[in-house]
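One structure is given below, encoded as structure tokens.
The values are calculated or read from the model by the stated rules, or taken from the named source; none is laboratory data. If you're wondering where the values come from, they're calculated on a predicted model, not measured in any experiment. Neighbour counts are summed over all protein chains in view; Cβ atoms, including those assigned to glycine, are modelled from backbone coordinates with ideal geometry. These area figures cover heavy atoms from the full protein model, side chains too; ligands, DNA and RNA do not enter into them. Shrake-Rupley method; radii C 1.70, N 1.55, O 1.52, S 1.80 Å.
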Amino acid sequence: MPIDPYAALNAMLRAEVTRFTPPVRQTEPAEPPKAPAVAVAGESESEPQQNAADSAA
């Protein structure tokens, strides 16, 4: 079975590109969501909302 010259050229080019491409920089994972944001999402809408000024008075 004859070798496909385009497939061979493609493989050679891919090898050269990966050889000269710098490694991918790993980014730091995003910070997890804060606890108050989760608590607010879990509240039902039928409960009254308290403001910080109301709870301090």
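Report, by residue number, each residue of segment 10-36 that is of a type outside the set (A, V, I, L, M, F, W, C) and either modelled with pLDDT under 80 or in contact with a Ser or Thr (Cβ under 7 Å, 6 or more places away or on another chain) (or both).
Listed by number, the residues that qualify are Glu28, Pro29, Glu31, Pro32, Pro33, Lys34, Pro36.
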Report summary line: Of the candidates Ala39, Ala7, the one satisfying the condition of being modelled with pLDDT under 80 and open to solvent by less than 80 Å² (accessible area, probe 1.4 Å) is Ala39
